[in-house]
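Working notes for the structure below.
Every number here is computed from the coordinates shown, using simple stated rules; none is lab data. If you're wondering where the values come from, they're calculated on a predicted model, not measured in any experiment. Neighbour counts are summed over all protein chains in view; Cβ atoms, including those assigned to glycine, are modelled from backbone coordinates with ideal geometry.
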Amino acid sequence: MPPAILTKNLRREFQKKGKTKHVALDGVDIEVEPGEIFGFLGPNGAGKTTLIKILCTLLYPSGGEAYVDGLDVVKDTREVRRRIAIVSGGEQSGYGIMTVFENIWMFSQFYGIPSKIAKDRIWHYLKAFGLEKDAHTKVSKLSTGMRQKMNIIRGFVTDPKIFFLDEPTLGLDVHIAREVRDTIRNWTTDHPDKTVFLTTHYMAEAEALCDRIAIIDGGKIVECDTPANIREKVGGGAVYHLKLEPVPPDLSFLDAIPAVRNPVLADANEATGQCEVRFNLDSDDQLSHVLQAAETRGFRVAGFAKAEPALEDLFMTIVGRKLRDEE
Ligand SMILES: Nc1ncnc2c1ncn2[C@@H]1O[C@H](COP(=O)(O)OP(=O)(O)O)[C@@H](O)[C@H]1O
Ligand SMILES: [Mg+2]
């Protein structure tokens with residue numbers, strides 16, 4: 001069986017009028033196995049949508065190769081399209097004057113699904129998503145969450161071999177986002193041969209849902225592994241949070257303590273004059289050295305906490321800034 005998705009040195013550049021070339025994908029190599037839920041995680045502007053559009057034959061690459069189910073996305077466009085569905089979050093999709101049922105039905109017919117099978121599947125997923133009673137409601141009357149559920153059902157009903165989801169929970173309420181994730185997971189449990197490729201800038205979502213995650217930043221893959229391995233690789237034990245005032249110009253006062261790893265200056269607040277310094281330590285014993293170093297340099301320790309690393313912190317360690325910085 002070919003990989004569900006394979007890219008080799010994939011590149012995409014954009015040239016805006018009068019501006020220099022912008023490299024959105026800078027030599028991306030990924031391989032996704034059939035049956036995986038694969039997450040493509042990165043901050044806004046990292047290149048996630050660009051990659052998904054290339055894989056879905058909506059955008060040509062500027063260089064390199066990309067295959068979906070063993071098919072070249074540039075040469076075998078029609079064959080690729082038969083095998084995939086794509087649903088994007090955070091945008092108005094679906095036709096407002098049609099009902100929920102009609103919208104999904106229309107897409108099932110674009111894919112040539114026999115009508116009995118299509119109807120059964122539509123009702124099955126409407127029930128699963130709790131949208132049964134809204135089947136004959138016009139799409140323009142739906143809430144954002146209901147509309148996104150409808151879009152995801154539209155994807156399931158066309159029975160894609162590889163399902164692409166571009167930020168499927170963007171802008172949804174927490175509980176609806178969870179429902180969406182559960183439904184995606186249930187779908188893959190019911191159909192173990194199906195592949196899901198999703199993008200997100202929510203670290204927790206990637207961790208909750210994905211078998212493997214590729215982290216992309218500035219068009220480059222900076223990490224690709226299971227969530228557990230990424231934790232282990234980058235985490236290096238507990239994260240210590242030290243509230244300091246005033247805000248230090250840099251973290252050089254930690255240089256002399258080799259036990260401190262991955263120090264990060266965060267949450268600097270001009271109004272309070274406080275900030276948070278986060279770092280990993282091999283053991284609690286080393287903490288007194290840190291406190292001493294801070295005091296010697298004239299910083300007051302206004303608070304302290306120790307936490308198991310959140311993936312969000314790991315992301316900071318990997319790419320040097322928060323996921324949501326660019327929002
Ligand atoms: N059609 C376009 N024209 C010019 N620049 C683009 C275009 N599409 C995307 N870009 C740029 O490419 C980069 C990656 O965009 P995108 O793939 O949408 O990021 P993401 O989905 O990770 O937020 C961004 O800097 C974006 O501004
Ligand atoms: Mg995007």
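For the stretch 5-226, what's the relative contact order in percent, using C-alpha pairs closer than 8 Å and at least 6 residues apart?
Relative contact order here is 31 percent.
Near the amide H of ARG212, under 5 Å away, which other amide H atoms are found, from residues 5 or more places off or on another chain, if H is placed in the peptide plane?
Result for ARG212 returns ILE37, GLY39.
Work out from phi, with θ = phi - 60° and the Karplus expression 6.51 cos²θ - 1.76 cosθ + 1.60, the ³J(HN,Hα) of each residue of the stretch 163-169, listed in order in whole Hz, and give x for Gly and Pro.
9, 9, 10, 9, 6, x, 10
Within a Cβ distance under 14 Å of LYS8, other residues only, what is the Lys/Arg minus Asp/Glu net charge?
Charge balance near LYS8 sits at -3.
Just to confirm the filter: which trypsin sites (Lys or Arg not before Pro) across the stretch 1-91 are DSSP coil and have at most 10 other Cβ within 10 angstrom of their Cβ?
Filter output for the stretch 1-91: LYS16, LYS17, LYS19, LYS75.
Working from the pairwise distances between different alpha carbons, so that the mean of 1/r is found and then inverted, what is the stretch 237-308's Kirkwood radius in Å?
12.1 Å
Here is the link list: LYS233/LYS306; LYS8/LYS75; LYS19/LYS75; LYS8/LYS233; LYS53/LYS194; LYS75/LYS220. Which ones come out longer than 21 Å on Cα distance?
Correct reply: LYS19/LYS75; LYS8/LYS233; LYS75/LYS220.
With a 10 Å cut-off between alpha carbons and a GNM built on the chain, which of HIS124, HIS22, HIS191 moves the most?
Judging by the Gaussian network model, the answer is HIS22.
Calculated FRET efficiency, LYS19 and ALA268, Cβ-Cβ r, R0 35 Å, to nearest 0.05?
Once rounded, the FRET efficiency stands at 0.65.
Please give the charge dipole size of the chain, origin at the Cα centre, charges +1 on K and R Cβ atoms and -1 on D and E Cβ atoms. Round to the nearest 20 debye.
Computed charge dipole of the chain: roughly 1520 debye.
If each residue of separation counts as 0.36 nm, what is the full-extension length gain between ASN9 and SER115 once their alpha-carbon separation is subtracted?
34.0 nm
With a 10 Å Cβ neighbour count serving as the proxy for reagent exposure, in which order, fewest first, do ASP217, ASP159 appear?
Result, fewest neighbours first: ASP159, ASP217.
Which length gain, in nm to one decimal place, applies between ASP190 and ARG82 when the Cα-Cα distance is subtracted from 0.36 nm times their residue separation?
Full-extension gain reported as 36.8 nm.
Let me spell out the model: positive unit charges on the Cβ of Lys and Arg, negative unit charges on the Cβ of Asp and Glu, origin at the Cα centre of the stretch 207-275. What dipole size does that give, in debye rounded to 20?
Charge dipole of the stretch 207-275: 180 debye, to the nearest 20.
For the chain, evaluate the Debye formula with one uniform point scatterer on each Cα (no solvent term) and list log10 I(q)/I(0) at q = 0.07, 0.10, 0.14 Å⁻¹, rounded to two decimals.
-0.36, -0.68, -1.08
At 0.36 nm per residue, minus the direct Cα-Cα distance, what do VAL74 and SER288 gain on full extension? Give it in nm, one decimal, please.
Length gained between VAL74 and SER288: 71.1 nm.
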